[in-house]
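Below is one structure, written out as structure tokens; comments come after it.
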Amino acid sequence: VNSLLRLGDSNREPPEAPQQKRASRQQKPQQPHEVRAILKAIQRYGLTNSSDIDLSDTMTRLKTNWSSLTTDEALPEVFATLSEVIGRRLGIWQIFDPEFDHATLPDPLQGCWRAGETTPLNEDQQTIADTLLSVIQESKVRRLWDISLPAEFYRAVRHGDTNGILAFQVTTEQLLAGLHLYRGNIVQMNAGEGKTVAGIFPAVLHALAGTSVHVITSNDYLAARDADLLAPVYQFLGFTVGAVLGYMEDDERRYNYQQAIVYSTMRELGFDHLRDNLKTTTASRVQRNLEAAIVDEADHGLIDEASTPMIISGVPLGTRSSMTKVKKAITQLIDLQKHVTQGLADQVNQPDTSLTHAFQVLCKLLLAEPDNPALEQYWRDN
């Protein structure tokens with residue numbers, strides 16, 4: 001089992017995980033009715049009894065029908081589905097990380113790693129052991145996030161995880177923050193309340209509508225960490241995720257900007273936008289449409305950094321010969337304008353012109369050269 005395909009840092013325990021239980025023990029204010037509706041939906045849908053395939057099918061259906069759904073119809077089911085997926089991929093799936101210390105698990109779960117030894121396994125342990133062996137085999141031919149597990153496996157793990165080592169439950173604060181972020185509001189969260197997880201909800205809701213999503217963090221480290229940490233959640237839901245970092249070249253930036261959900265910094269997004277506007281062809285640009293942004297540390301990004309202008313410069317484009325051609329064209333244009341203006345001035349005082357024609361000439365000359373001496377003479381004479 002310990003020879004599972006390395007997940008890297010994607011499935012390590014997120015920074016907020018130790019505070020999940022602590023936050024739930026704090027005295028909670030009265031819950032807004034929308035959050036109460038979402039919590040009831042989580043209980044009503046009973047997704048803990050759903051397999052990974054069931055959850056994936058739910059997201060596919062929501063994505064397909066999103067344009068015909070109202071917000072009130074879709075939000076409860078989306079939040080319920082996301083809450084279950086987050087609990088699985090950021091919690092229970094830690095056991096598939098080769099860096100995870102299985103010795104910290106309670107005895108009922110540790111027994112699953114001794115399958116095949118003389119120690120007999122109960123029904124839950126056998127379910128877990130069989131699933132682990134299945135994942136080992138499937139990971140040889142499929143990407144880990146494409147592997148779907150049965151509901152019985154998750155139920156058995158939760159039953160045996162008496163110490164809550166693998167438990168990861170989305171808090172009410174994270175649900176409320178995700179709801180307000182989706183609606184374009186600024187949310188203040190205390191340290192440890194789980195901003196990283198709260199950002200999943202608005203990111204997925206925007207992505208369901210086909211909107212490009214950019215999550216803006218304070219620095220490259222956080223952008224890379226959050227994209228890597230949450231990739232198992234997004235990828236299971238059918239959304240690609242990438243991070244645009246300072247050291248990347250244009251090709252890598254362009255590839256990551258094409259992902260459904262992009263993590264980056266204000267600096268990288270801003271300067272890439274400026275550089276793209278200096279590009280002479282559309283194909284050479286790296287960014288796609290900038291549509292939805294979720295800003296971490298909004299006061300820093302929208303106030304502190306906004307006071308520092310972004311200035312970009314580069315090597316002047318063109319050669320001396322091209323500048324000569326431009327100068328020649330401008331000179332010819334000016335000479336032509338002078339010629340046309342003089343022709344209009346010569347027609348101003350002609351006595352044999354009709355009133356309509358004279359009026360047209362005056363209007364043209366007024367537009368071409370308001371200070372022309374012929375106009376001044378005409379005003380004095382008439």
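What follows draws every value from the coordinates through simple rules; no lab data is involved. Note that the coordinates shown come from a computational prediction; the quantities given were computed from them, not determined experimentally. With ideal geometry, Cβ positions are generated from the backbone for all residues, glycine too; neighbour counts draw on all protein chains shown.
What to note about this one:
- Convex hull per residue volume in Å³, alpha carbons only, for the chain: 242
- ³J(HN,Hα) computed for each position of segment 79-86 - Karplus, 6.51 cos²θ - 1.76 cosθ + 1.60, integer Hz, glycine/proline x: 5, 5, 5, 4, 4, 5, 5, 4
- Contact order relative to length of the chain, as percent, for alpha carbon pairs under 8 angstrom and 6 or more apart: 16
- With a Cα cut-off of under 24 Å and a minimum spacing of 8 residues unless on different chains, the lysine pairs in the chain number 12.
- Mean residue ellipticity at 222 nm, helices only, the chain: -16000 deg cm²/dmol; runs of at least 4 DSSP H residues each add -39,500 (n - 2.57), and the sum is divided by the number of residues.
- Three-way shape label, segment 322-381, alpha-carbon gyration tensor, a/c 1.5: prolate
- For segment 322-381: relative contact order, % (alpha-carbon pairs under 8 angstrom, 6 or more apart): 34
- Whole-angstrom gap from segment 250-290 to segment 192-225, using each part's C-alpha centre: 17
- Relative exposure of 254, 143, judged by other C-beta atoms within 10 Å (fewest first): 143, 254
- Annotation: amide H of residue 265 within the under-5 Å range of 217, sequence separation 5 or more or interchain, hydrogens built in the peptide plane.
- Highest mean first, the peptides 236-245, 47-56, 327-336 sorted by other C-beta atoms within 10 Å per residue fall in the order 236-245, 47-56, 327-336.
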